[in-house]
């Protein structure tokens, strides 16, 4: 198998200590768009006779995506806070603007320097992907609940940034802002964050020959740290592992998006209803 030339020296095998092979690897044909751990969409495109080109994006592009999200978020939020802008505007703009980096850059760079986001990032959603995603999301909720109990016993009561914003919106903001924010938590965040972490970062690491286990570990730590919530860092770790596992299992980014959405649904209910927050 010829891996993608992304400055990588990886060979056709991930090695005996790499962990299980991606589900998409077993049926992967030879070709310029193929590499160990590539999304199932690559093999599917080749089986249809599509001519793929070697993607010219990699880890650098993934880093740009994450750093751009942080910089854009600060650039948007700080002026709004200094100007004492209305809370709904500050909350919604401060949440959406970073998405330009997290989602916009992966979508753009894969189109300009690869085969497009659908093939390069594994954007696919079959009934099997949905099933695995729902199951993974439920497992993530259970694990998060266990870690939350342990964290609370050690650090005391804590909340998430989304929960804090929701509380303020319920007191000062119109209902439409609360509803939009809840939809962003349940639908928007899962899509955007998965494009960056289990999409571009995951695949760029695999292209460089990083094994599945290490790839899941790295993307999980990056995902958890990106939220900038020290108390919830360890709460997010098992969730990130589950998202990475279901991406590996199915070869589909759609499955991890579904898992992420299922996991965020209780948080969206917290936003809307103000019930006690029990999940991240």
Mean shadow area (nm²) of the C-alpha convex hull around segment 157-280 is 7.3 nm²
log10 I(q)/I(0) for segment 63-219, Debye formula on C-alpha points only (no solvent), q = 0.10, 0.11, 0.18 Å⁻¹, two decimals, reads -0.48, -0.58, -1.30
Where in segment 95-109 does the amide nitrogen come within less than 13 Å of the point 7 Å from the Cα of residue 56, taken along Cα to Cβ?
109
The helix 161-172 Cα axis meets the longest alpha-carbon principal axis of the chain at an angle in degrees, between 0 and 90 and rounded to 10, of 40 degrees
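Scale the Cα Rg of segment 111-177 by the rule-of-thumb value 2.2 N^0.38 Å and send over the ratio, two decimals.
Details: Rg = 18.9 Å, N = 67, 2.2 N^0.38 = 10.9 Å.
This ratio for segment 111-177 stands at 1.74.
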Please label the shape of segment 225-276 as rounded, prolate or oblate, based on the square roots a ≥ b ≥ c of the eigenvalues of the alpha-carbon gyration tensor (a/c under 1.5 means rounded; beyond that, a/b larger than b/c means prolate, else oblate).
oblate
Calculate the spin-label point distance for residue 175 paired with residue 161, positioning each point 7 Å from the Cα along the beta-carbon direction, and give it in nanometres.
2.9 nm
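So for the chain, averaging the separation of alpha carbon pairs under 8 Å that are six or more residues apart and normalising by length, what relative contact order in percent results? Each step should come with its number before you reach the end.
On the way: 467 pairs, mean separation 80.5, N = 280.
In percent, rounded to a whole number, it is 29.
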Calculated from DSSP helices alone, with each H run of at least 4 adding -39500 (n - 2.57) and the total divided by the residues of the chain, [θ]222 nm to the nearest 500 comes to -19500 deg cm²/dmol
On a 0 to 90 degree scale, rounded to 10, what angle separates helix 233-250 from the longest Cα axis of the chain?
40 degrees
Need one number for segment 67-151: average projected area of the convex hull over its C-alpha atoms, nm².
8.7 nm²
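Averaged across orientations, what area in nm² does the convex hull of the alpha carbons in segment 182-237 project?
Details: hull surface 16.1 nm².
Across all orientations, segment 182-237 yields a mean hull projection of 4.0 nm².
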Cα pair count fraction exceeding 15 Å, expressed as % - segment 118-157:
59 percent
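Out of every Cα-Cα pair in the chain, what percent are more than 33 Å apart? Could the numbers behind the result be given before it?
Working: 8754 of 39060 pairs.
More than 33 Å apart: 22 percent of the Cα pairs in the chain.
Based on Cα coordinates alone, diagonalise the gyration tensor for segment 94-134, multiply each eigenvalue by 5, take square roots, and list the semi-axes in whole Å, largest first.
They are 23, 17, 5 Å, listed largest first.
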Compute the angle between helix 87-96 and the longest alpha-carbon principal axis of the chain, please, reported from 0 to 90 degrees and rounded to the nearest 10.
10 degrees
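Since every read-out is calculated from the coordinates, none of them should be taken as a lab result. Bear in mind the structure is a predicted one, so any value in this text is a computation, not a measurement. Reconstructed Cβ throughout: ideal geometry from the backbone, glycine too, with neighbour counts over all protein chains shown.
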